[in-house]
C-alpha cells in the first residue's frame, strides 16, 4: 500500500509534470484532476476513467473476505468486553481507547461497506449482516446510517440532505481552538444528533427491528457479564469516533484544505485498519468498488488522482485542523 510522504507538512500535492507523469496526464481534462466534491464531478470523473480504462469495471462488486474480517472484529471486541468485566474504570477506559476505539471504528467502516452492499451480492443480506456487525457498538446505527450515507453520496454538499456537513450552529460556535477540540472529541455525538436536526425522518420498520435486537443483545450482555462489559462497548464507539487517529478521516475526507477541492484521499497505513476508507476520492468516484480493491483502482488509473491534494498523516492533519485558524468548520464546502 502506498503512503504519501511530506516533509514537515500533513498534506502533499504532486506538482511534478515532467517525465512519465506528464505523458500520463496528457489528454485528461484539468477539471477531472483538480476538482472533486459534488456528485456531478465524481460522476464525470468516473465517466472519463471508464472511457480510458474500461477494465475498471472488473473491480465492481462485493469482496468475499469482508464477512470473515467482520466476524473476527466482532469476536475480538466481545472478547475484550468479557476481559474487562471486572476491571477498574481506568483500565476499562484505557482498553476502550487502545483497542475498543480501533475495533469499533473498524466495525463502523464495515457498516459503511455494507451500506454499499459490498460484502454480499443481495442488498438484504448486507443489511441483515450489518445488524450483527453493529452489536459490539452498543447503539443501533447501521440501518439509519445506510439511509443518510446514500443521501451523502447522491447529494454531497447539500445543506439539507448531506448530514455529513457541519450545521450552521456548529460552524458558528466552534471556530476557536478550544471549540474545535471540543468538536473533535464529540464527533460521535455530532454525527448522531445532526441528522435528527437537519433532516429528521420517521423511523422505519427495519430501524425499529434493529433497535429491538440491539436492546435484547445489550440486556443479555448485562445479565451474563455485568455492567462494565456492556459499558465498554458504547464507550469504545464514542472514543473511537472522537479524538482518535482512526477518526481522523472525518476531517481528512471533506473539510476544505484547498478551495477548489471538496474530497481528499489518504494513502497511509491506517487504511489497513479501516477498510481503505482513506481512498476517499476513489470511493466517491466508484462507490460500488469494495474498499479492498480501491488501491488497485488507483494503480490502474493514477493519472486521474495525481494532481489532487492528498493527506499524508491523519494525526498531523488533525493537529493542523486544530492549530490553524484558516481551517475552521466553515471551510467545509457545499456545492
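Throughout, read-outs are computed from the coordinates displayed, never taken from laboratory work. Quick caveat, the model's predicted, so the values are computed rather than measured. So basically every Cβ, Gly included, is an ideal-geometry build from the backbone, and we count neighbours across all protein chains shown.
Taking label points 7 Å from Cα along the Cα-to-Cβ direction, residue 178 and residue 82 give a separation of 4.5 nm. Would you mind telling me which residue in 119, 98, 81 has the biggest mean-square fluctuation in a Gaussian network model of the chain, where springs connect alpha carbons within a distance under 10 angstrom? Looking only at 119, 98, 81, the largest GNM fluctuation is found for 98. Could you compute the FRET efficiency for residue 159 and residue 223, with r as their C-beta to C-beta distance and R0 at 45 Å, rounded to 0.05? Taking R0 as 45 Å, the efficiency between residue 159 and residue 223 is 0.50.
In degrees from 0 to 90, rounded to the nearest 10, what is the angle of the helix 314-323 Cα long axis to the longest principal axis of the chain? Relative to the chain, helix 314-323 is tipped by roughly 90 degrees.
Compared with the rule-of-thumb size 2.2 N^0.38 Å for a compact globular protein, the range 51-127 has a Cα radius of gyration ratio of 1.49.
Each of 63, 70 has some number of other Cβ atoms within 10 Å of its Cβ, and from fewest to most they run 63, 70.
As a calculated quantity, the FRET efficiency between residue 60 and residue 128 at R0 = 22 Å, using C-beta atoms, amounts to about 0.50.
Each residue in 319, 183 was given a count of other beta-carbon atoms within 10 angstrom of its own, and listing them fewest first yields 319, 183.
The order of 113, 207, going from fewest to most other C-beta atoms within 10 Å of their C-beta, is 207, 113. Helix-only arithmetic for the chain: the sum of -39500 (n - 2.57) across DSSP H runs with n ≥ 4, divided by the residue total, places the mean residue ellipticity at 222 nm at -16000 deg cm²/dmol.
Taking the C-alpha atoms only, the angle from helix 205-225 to the longest principal axis of the chain is near 50 degrees. Distances between every pair of Cα atoms in the range 87-221, grouped in 10 Å steps from 0 to the bin holding the largest one, split as 11, 34, 37, 17, 2 percent.
Protection proxy ranking for 222-230, 159-167, 285-293, using the average of other Cβ atoms within 10 Å per residue and placing the highest first: 285-293, 159-167, 222-230. Computed from Cα atoms, the angle from the helix 227-240 axis to the main principal axis of the chain rounds to 10 degrees.
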